[in-house]
1. Given 0.36 nm per residue, what is the gain on full extension from Asp90 to Met243 after removing their alpha carbon distance, in nm?
2. For Tyr293, which sequence-distant residues (separation of 5 or more, or a different chain) have an amide H within less than 5 Å of its own amide H, given hydrogens modelled in the peptide plane?
3. Which whole-Hz couplings ³J(HN,Hα) result when phi for each residue of region 172-185 is put into the Karplus expression 6.51 cos²θ - 1.76 cosθ + 1.60, θ = phi - 60°, listed in order with x for Gly and Pro?
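Rule-based calculations on the coordinates, nothing more; no lab input. Keep in mind that this is a model prediction, so the values were computed, not measured.
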Amino acid sequence: MKYARLWTLLPLAILIIAACGKNEEAEIQAFLEKSPYVGEGTLQSADDSTGTPKALFSWNMPTDTIRYVKWVRWIQRPIDWEFKIDIHGDSANVTITAYFHGAPPGYGFFVNNDTLGPIYTRTISDSVIRKVKLYKSTTDDKWHITSITVADIHTAGTQHPVTITEIRAKVASRNYEFVVNDPNKYFTKDSLPTFLPNDTVEVTVICSAQGDSTWAFLHHGAGHKPGVGLKRHWRQPFYRENMTTFKRTWIIADDSVLVTPAVRHAAVDVVGWQTLFGDSTATYYARAWGLPYIVKKTNEQIPSDEEQ
């Protein structure tokens with residue numbers, strides 16, 4: 001009789017354990033979707049907050065580094081994000097993936113590369129992957145970020161895959177340099193790119209595309225809440241050093257960080273030359289690495305990974 005009762009209770013115990021695991025997974029996903037280090041920035045790195053894609057001269061993009069071209073991405077929403085969560089006691093490994101799609105007429109990569117020419121629309125077919133390690137704190141019994149990789153966004157199935165070899169951000173005035181050369185490298189919060197509000201940053205990108213040349217653009221400023229006097233997401237073209245190297249100076253104060261410490265998001269976006277300057281027969285291919293950066297004063301702590 002004792003063994004019969006044991007076998008009766010065993011399925012119930014398994015169900016309870018499974019339910020606890022599912023609750024933990026749901027808790028982790030909800031946390032990451034709202035964390036300033038992960039949720040909002042991954043999306044904004046892939047999409048543009050510039051104006052309507054169907055108006056020739058509505059985009060405020062400087063053209064002093066590259067011949068005339070105006071473009072904007074519009075991806076279809078909602079986006080289905082997949083969270084693969086592996087929990088091991090008080091730690092967890094998470095892989096976040098999604099597919100960015102944009103097809104004409106209302107979505108896609110809209111580009112005008114001739115002041116008297118048409119707007120071409122190219123279908124977007126991008127995948128993104130980001131990995132996060134977490135731990136459960138014994139202090140507040142909540143999950144927190146241990147480390148994070150870049151959000152690696154790349155065009156799927158293209159004949160011209162784009163490669164980012166290295167991104168380097170240097171503040172010469174204080175001998176500070178941040179380097180990322182591997183999309184699978186994990187960065188703890190205190191090893192993420194960290195800048196003072198008055199820093200001037202020189203960003204260098206090494207990149208290439210199979211069977212084509214490229215141009216690099218810098219997205220920055222995304223991640224702050226609206227309505228507090230902060231500028232929106234910016235996209236700026238780099239200056240070309242040679243066929244594979246691009247540089248541009250970035251001034252942190254231009255992002256109008258009124259309150260510090262703060263988490264912002266940046267992405268280096270490398271777009272194929274034919275995508276930018278081809279005719280109606282050209283296809284879309286690009287790659288971007290997105291990563292949060294921190295703006296804080298010397299005596300300030302790193303911002304919390306929870307929604308503020």
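1. The Asp90-Met243 span can extend by a further 50.4 nm.
2. Residues meeting the amide H criterion: Arg264, His265, Ala266.
3. Values, residue by residue: 5, 5, 10, 6, 10, 8, 10, 10, 10, 9, 8, x, 9, 6 Hz.
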